[in-house]
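I have placed the structure first, in the form of structure tokens, so that the comments after it can refer back to it.
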Amino acid sequence: QVQLVESGGGLVQAGGSLRLSCAASGTAFSIGVSGWYRQAPGKEREFVARLNSGGSKSYADSVKDRFTISRDNAKNTMYLQMNSLKPEDTAVYYCQTYVNYQTFWGRGTQVTVSS
């Protein structure tokens with residue numbers, strides 16, 4: 001059974017940094033395609049960053065040059081380093097992985113950026 005558990009969210013001032021983690025069990029981030037999404041209050045869930053099995057990365061324009069996605073295969077953990085945070089980055093951040101034609105989601109971690 002695949003489980004994804006996010007951690008690292010919290011309250012930070014604008015301009016600050018946070019690092020989110022997503023620990024996987026029942027699968028590995030080294031296979032398939034994995035990424036981070038976020039959902040702000042009253043808005044639809046949106047793509048933030050993606051990392052495929054070969055190591056290629058892609059980012060939403062709104063976070064490019066501020067956020068970095070990475071993984072540690074030995075720990076089976078994916079990360080999202082978020083720098084220069086803005087109030088508009090406030091959202092629940094979700095970890096996602098697509099493997100064997102199935103999509104799995106974590107429960108999310110709240111990130112709040114104060115101005």
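The values are calculated or read from the model by the stated rules, or taken from the named source; none is laboratory data. The structure displayed is predicted, hence computed values, not measured ones. With ideal geometry, Cβ positions are generated from the backbone for all residues, glycine too; neighbour counts draw on all protein chains shown. Heads up: the accessible areas ignore ligands, DNA and RNA and are worked out on the full protein's heavy atoms, side chains in. Shrake-Rupley method; radii C 1.70, N 1.55, O 1.52, S 1.80 Å.
Over the stretch 49-90, the reciprocal of the mean inverse Cα-Cα separation, the Kirkwood hydrodynamic radius, stands at 11.2 Å. Take the Cα of residue 11, step 7 Å toward its Cβ, do the same at residue 56, and the gap between the two points is 4.2 nm.
With both labels modelled 7 Å from their Cα along Cα-to-Cβ, the residue 98 to residue 83 distance reads 2.9 nm.
With +1 assigned to the C-beta of every Lys and Arg and -1 to the C-beta of every Asp and Glu, and no other charges, what is the dipole magnitude of the stretch 1-90 about the Cα centre in debye, to the nearest 20?
Here the stretch 1-90 has a charge dipole of around 120 debye.
Here the Kirkwood formula puts the hydrodynamic radius of the chain at 14.0 Å, using every distinct Cα pair. Hey, with R₀ at 41 Å, roughly what FRET efficiency would residue 75 and residue 115 work out to, going by the Cβ-Cβ distance, to 0.05? Computed FRET efficiency for residue 75 and residue 115 comes out at 0.75. Computed with a 1.4 Å probe over protein heavy atoms only, the accessible surface of the stretch 1-99 comes to 50 Å² per residue.
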